[in-house]
Amino acid sequence: MDIPKSQLYLELLEAVLRDAYLSTNLSRRAQNISLKRDIDYARGRMRSEGCAFFSKTLAKVGNSYTRSLDGTSIFSPEGLKRYKNKTVRSVLPAFARRLFLCTHTDSGILRKEATADMVRYIRSVLYLTYKMREEFDNESIAAFAADFHSRDRRLLEVAFVKEAQCFFVDENWSRFDRRWRETLMVARHLVHRVVSNNDPMDITPSHGPGAVSGGEKPWEKPYHRKMAEPMGDIYDISYYVSGAHALADNIREWQQGQTHDDVARVLFVPKDARGPRVITCEPVAKQWIQQGLMKCMKDALHESAISTDMICLSDQSVNGAISAISSVLGTYATLDLKDASDSITTELVRVLFPSNWYNALMAVRSPKYRIQGDATTYELIKFAGMGNATTFPTETICFWALALAYNIVCTHGYVGINRALHPRNLVQNAVYVYGDDIVISSHSVDGVRQLFEYVGLQVNDKKSFTNGRFREACGYDAFDGQNVAPLRIKTLLDAMNADYASLAGLVQMCNREWKKFPSLTHYLYELVRMRYPWIRNCEVTSPGSVSFCLGHILVDELPRRWNSKLQRMEFRVPVVTPKRKLRKTGRCARHHWCDVLQVLVKPGLRVYRDSAADQYSIPNQSIIRFGWRALASPSSPLKEKLLRSFGITDTE
């Protein structure tokens, strides 16, 4: 029997509130009284607002609470009834006031004795259902589409864009604002130093997992045969797509036309209570080249001695670790940009990048787009949307170059750029960037903010932290050096039937957090086992397996075996695997050339002439199969006990 959505939200809130109160120094009687008062208040708000109270109202309170953790802002949230007392004047809400008093005073000022554990409990109460996936009606989608248009047209009013257009005529740097002229020159020098050693023509194309504008299925992507102009002029079709032999075998088919619709498709997919996620679906041929160009840009960032220690697009934990240290020492500040990918202009890319790289990026860029449900074609003003594989590395390079150039100009000036790039001096001006998450020195925040606004970027003040004991970067919320990222449940159980990966994530969260959140994990355990009784309870777990590993839950007897080849103990547990589907059409002669191309561009890929080769994975869908998995820790006491039960001695 399915639980109503609002009732499920209320029960989840009650469970996490109980865990939060258990961590306080209140007596058991005071905990029960406060918990009952908070749940009664939440139930009343639920009857009037529905699920919006949990996903929107509490989230706004959470934003105010997070903003106050820097120690400079007062916690005075809106949307909740304030606590009223004849003797105490408080700005704190009556809801969960006993919890807020553990970290803040009645005046809304952060306490010095506030602990990271208590901050995480409170943020989990406020953000638990903040990321829950929600559907939107057509009117909401139309409003988001209008906002998408307005953000794109806003770039035409940026003063930097008009100055850059004049600069392209005569290459005269005096066209730019005098204050930022040298900074732009240094930023351009940095980008040239990083990418000039790599050739944008020397790429290995591939297809990404995302959807494409033409609606091709995943198994149809490798068999595209048409290129878009002007991409076909730069990336020759016979070299990057098919090969000369395949072109000769299908010459009549190629002569019928080699171009296709060069228009991207903008979709709005469900995300959370804030709004849908905007996705730009690129043409299939452009996606093929974009993936290769993206890998080339990543290689350039990794191989350059200037950027290799500041930009790591394969590991965002670097920025998280620096933000954790800065929450204690205060040396670095974290900046977050608002609608970063929608604010990069083609003029900024042209100013910073070399001409050969700019031509390559513009060749794989879709100059036009169509909105979901609208047949009208619009001209794209910004550089590209997030569906373009080159958007993320391009914005990372631009933000890094601008911020680092500002530091260099402030410390050494334009004439001292070579001295500033010395490894010893470069550490002092280091800027760490991962997409729109930027970590810079605290004394450079004001200047970098003004520079970003000059080129059309907007700093998100709600997620940017300069002072105090809190920093936020790349999903790592650091308070006093500890991660206080709240627990978030993103998907309801009724939406997990098509994607068991979400179910596996929920189970793994319970396995990870059951010691600090026993009430919440026990509630989720009962909820999941009621719907999926085949999920097992075991003493160990492994990545990808769907099995509970909770210390206070009775352990099921699992089938086990000793793998003599891998020399390890394995359990038979449910495992998440991608859902696969057979191709709907047969393979013709030209498909074999596409198979050859796939083998050449994907090391280790083997194409078989059997039914397995005619299968493909369905995006965002998975199934559960039982498989053998090893112990989580090779040196655990449980492993030694199991080895002894099988009569095997561990000699490692």
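Summary table
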item: Residue match in the stretch 321-338 (condition: in contact with a Gly (Cβ under 9 Å, 6 or more places away or on another chain), in contact (Cβ under 8 Å) with a residue 40 or more places away in the chain, polar (S, T, N, Q) and under 16 Å from Phe392 (Cβ atoms)); result: no
item: Gly468 being modelled with pLDDT of 90 or more and within 26 Å of Glu163 (Cβ to Cβ); result: no
item: Unique residue being surrounded by fewer than 22 Cβ atoms within 10 Å (Cβ to Cβ), touching a helix residue (DSSP H, G or I) at 6+ places or on another chain (Cβ under 7 Å) and at positive phi when the list is Gly62, Gly79, Gly71; result: Gly79
item: Filter result for the condition that a residue is under 23 Å from Thr346 (Cβ atoms), touching a residue at least 24 places away in the same chain (Cβ under 8 Å), of a type outside the set (Phe, Trp, Tyr) and surrounded by fewer than 17 Cβ atoms within 10 Å (Cβ to Cβ), over Thr377, Thr391, Thr396; result: Thr377
item: The stretch 46-96, residues that are free of Cβ contacts under 8 Å to residues at least 40 places away in the same chain, touching a strand residue (DSSP E or B) at 6+ places or on another chain (Cβ under 8 Å) and in a loop (DSSP other than H, G, I, E, B); result: Ile74, Phe75, Ser76, Pro77, Leu80
item: Within the stretch 28-38, tally of residues that are surrounded by fewer than 18 Cβ atoms within 10 Å (Cβ to Cβ) and within 16 Å of Phe54 (Cβ to Cβ); result: 0
item: In the stretch 348-373, the residues that are of a type in the set (A, V, I, L, M, F, W, C) and surrounded by fewer than 19 Cβ atoms within 10 Å (Cβ to Cβ); result: Met362
item: Subset tally (residues that are part of a helix (DSSP H, G or I) and β-branched (Val, Ile, Thr)) for the stretch 1-39; result: 3
item: Every pair of residues 6+ apart whose Cβ atoms lie under 9 Å, when the first sits in the stretch 151-164 and is without any contact (Cβ under 8 Å) to a residue 40 or more places away in the chain and within 17 Å of Met185 (Cα to Cα) while the second is part of a helix (DSSP H, G or I) and not acidic (Asp, Glu); result: Glu163/Arg175
item: Members of the stretch 65-92 found to be under 29 Å from Arg28 (Cβ atoms) and touching a Lys or Arg at 6+ places or on another chain (Cβ under 6 Å), listed by number; result: Tyr83
item: Single residue of Ile397, Ile440 found to be outside any helix (DSSP H, G or I) and of a type in the set (Val, Ile, Thr); result: Ile440
item: Check on Asp309, modelled with pLDDT under 90, among the acidic types (Asp, Glu) and closer than 21 Å to Leu426 by Cβ; result: yes
item: Some residue of the stretch 489-501 being surrounded by 17 or more Cβ atoms within 10 Å (Cβ to Cβ) and either at pLDDT 80 or above or closer than 28 Å to Tyr432 by Cβ (or both); result: yes
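The values are calculated or read from the model by the stated rules, or taken from the named source; none is laboratory data. All figures in this text were calculated on a predicted structure; none of them were measured in a lab. Every residue, glycine as well, gets a Cβ built from its backbone with ideal geometry; the counts of neighbours run over all protein chains shown.
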